[in-house]
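Student: First the structure, which I've put down as structure tokens, then a few questions once you've had a look.
Here, each number is a calculation from the coordinates, and none is a lab measurement. Model, not experiment: these values are computed from the prediction. As a convention, Cβ positions derive from the backbone with ideal geometry for all residues, glycine included, and neighbour counts pool all protein chains shown.
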Amino acid sequence: MTRFSRQKGLVDFSSSTILIVGVGGVGSWASLQLVEMGVKKLVLFDWDLVEECNLSRQFFVEKSIGKPKALELKKTLEKINKNVEIDARVEKFTGSEDLKVDFILDGSDNRAARLSIDYFSNKNKTPWIFCGVNGFEFMLSTFIPLKTKPFKEWKSTEKNGCPTVTASTVMAASSVQVSELASLMKGKPSFAGKLFYADLKSMTFKKIKI
């Protein structure tokens, strides 16, 4: 039995390059899953440093405190799968970067970053999956250039400041995000033109047309 035989016929990321903008709660766990599943290449963007308060919900260890998230995550991921190419950048994503990627995952926590993702997506015709978390709740939506309404046309309901959130929420959100990515790669996204909403406290799940 080979390393990836148990996922044969379910997912195949072996030829894909995935850009992840923000490698905190959602982004770090999504990165872990993709590396475990045998993704070809990850491009990670995050300008922030690991803080003690991150350890309760993000894929970092105590020795990483004070160090760049992107570089620390790269070191850990390479220990899990040495065959994955990882391009880690300690900088803000602006959307003007010259990158060739197949898909984008949103691991950010603010509208400005998502507008940069949306700009890059539409400029390069690259699909991306939005993910927002707060408390026990999370939302996802898939944006496909020329096929779905762009993110910039969404009415913002985001509040200033960092939301409170649990480890279980970001892990669940990242798992749904990676599963949606697998569906998107097969041309059958579940959240294109729709908003998926989950409340893990009440165990309420909705898919709303937008």
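Student: In nanometres, what is the gap between the two model label sites at E91 and S190, each 7 Å from Cα along Cα-to-Cβ?
Tutor: If labels sit at E91 and S190, their model points lie 3.6 nm apart.
Student: Could you give each residue of region 142-152 its phi-based ³J(HN,Hα) in whole Hz, using Karplus coefficients 6.51, -1.76, 1.60 with θ = phi - 60°, and x for Gly or Pro?
Tutor: Listing the rounded values in order: 9, 10, 10, x, 6, 10, 10, 4, x, 4, 4 Hz.
Student: So who's got an amide H within less than 5 Å of the one on F103, skipping anything under 5 residues away but keeping other chains? H placed 1.01 Å off N, in plane.
Tutor: Sorted by chain and number, the residues that satisfy this are T17, L19.
Student: Let me ask something else about it. Excluding F136 itself, what net charge comes from residues whose Cβ is under 13 Å from its Cβ, given Lys and Arg +1 and Asp and Glu -1?
Tutor: Result for the neighbourhood of F136: 0.
Student: Sticking with this one: If R0 is 35 Å, what FRET efficiency do you get for Y197 and K147 from their C-beta distance, rounded to 0.05?
Tutor: 0.95
Student: Let me ask you something else. Quick check: Cα centre of region 1-69 to Cα centre of region 82-121, how many Å?
Tutor: 13
Student: By the scheme Lys and Arg +1, Asp and Glu -1, what is the net charge of all other residues having a beta-carbon under 9 Å from that of S15?
Tutor: Around S15, the charge tally is -1.
Student: Can you list the DSSP H helices in the chain whose Cα atoms extend at least 24 Å along the helix axis and whose mean Kyte-Doolittle hydropathy is 0.5 or higher?
Tutor: 167-185
Student: Here is a further query. Based solely on its DSSP helices, what 222 nm [θ] is calculated for the chain when runs of n ≥ 4 H residues each add -39,500 (n - 2.57) and the sum is averaged over all residues, nearest 500 deg cm²/dmol?
Tutor: It comes out at -9000 deg cm²/dmol, rounded to the nearest 500.
Student: Can you give the net charge of the other residues whose Cβ lies under 10 Å from the Cβ of F151, counting K and R as +1 and D and E as -1?
Tutor: +1
Student: Between S183 and L49, what length in nm is gained on full extension when 0.36 nm per residue of separation is reduced by their alpha carbon distance? Please report the intermediate quantities before stating the final value.
Tutor: Numbers: separation 134, 0.36 × 134 = 48.24 nm, distance 3.24 nm.
Using 0.36 nm per residue and subtracting the Cα-Cα distance, I get 45.0 nm.
Student: Show the residues, 5+ positions off or on another chain, whose built amide H is closer than 5 Å to the amide H of T166.
Tutor: Under 5 Å from the amide H of T166: G135.
Student: Under 20 Å from the Cα of K207, which aspartates and glutamates turn up, not counting those fewer than eight places away in the same chain?
Tutor: D106, E137, E153, E158, E180, D199
Student: DSSP loop trypsin sites (Lys or Arg not before Pro) in region 22-84 with at most 12 other Cβ atoms within 10 Å of their Cβ, which ones?
Tutor: Numbers: sites: K40, K41, R57, K63, K69, K74, K75, K79, K82; in loops: K40, R57, K82.
The qualifying sites are K82.
Student: K82 versus R6, label points 7 Å from Cα toward the beta carbon: distance in nm?
Tutor: Computed distance between label sites K82 and R6 equals 2.2 nm.
Student: Sticking with this structure for a sec: Based on Cα coordinates alone, diagonalise the gyration tensor for the chain, multiply each eigenvalue by 5, take square roots, and list the semi-axes in whole Å, largest first.
Tutor: For the chain, the semi-axes come out at 23, 21, 18 Å.
Student: Treating the beta-carbon of each Lys and Arg as +1 and of each Asp and Glu as -1, no other charges, what is the dipole magnitude of region 85-210 about its Cα centre, to the nearest 20 debye?
Tutor: Numbers: 19 positive and 14 negative charges, 132 e Å.
Dipole size: approximately 640 debye.
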